[in-house]
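Working notes, beginning with the structure itself.
The values are calculated or read from the model by the stated rules, or taken from the named source; none is laboratory data. Here the structure is a predicted model, which is why all the values come from computation and not from measurement. No Cβ is skipped: glycine too gets one built from the backbone with ideal geometry, and neighbour counts run over all protein chains shown.
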Amino acid sequence: MMPLKPVAIVPQDLVLVHIEHKPAFFARVEDINPDLKRNWWQVTLFVLALPMKIVTWTIDDDQIRGAEFTMGGTPVRIEKVTPPSRASEEMEPVATETATASVHPIEQKQARILAFKKVVE
């Protein structure tokens, strides 16, 4: 049985870009278009770092699936990021206190209207 290829990134995916084998920055995949060369892709990334910018890299079929490549001799790798599911997050129980005060009915009182005298100097 042939091993399955890793899944390729697609537009709107969140990725972590590794440079020199270290996490460097997060980016959102904006667009992926076929390159003129067969099995190569033009991948547009929105870099989520300051300064924010848009970059387009030309990478091949393996690199779009997470294989390492070099840019100017520097090792680079694009890793798809999957947020943790809410079910797997550890939730701390919230302590609740029950009110021990007894409830008293509100007393009904007649309101008084106060008249103010205008003082003229």
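For the range 21-36, the condition of being modelled with pLDDT under 95, in contact with a strand residue (DSSP E or B) (Cβ under 8 Å, 6 or more places away or on another chain) and farther than 14 Å from Arg77 by Cα holds for none of the residues. Looking only at residues in the range 37-55 that are within 20 Å of the chain's Cα centre (by Cα) and not hydrophobic (A, V, I, L, M, F, W, C), the one that is surrounded by the fewest Cβ atoms within 10 Å (Cβ to Cβ) is Pro51. Could you list all residues from the range 14-69 that are touching a helix residue (DSSP H, G or I) at 6+ places or on another chain (Cβ under 9 Å) and aliphatic (A, V, I, L, M)? Result: Ile32, Val43. Taking the criterion of being more than 12 Å from Trp40 (Cα to Cα) and without any contact (Cβ under 8 Å) to a residue 40 or more places away in the chain, the residues of the range 50-66 that qualify are Leu50, Pro51, Met52, Lys53, Ile54, Val55, Thr56.
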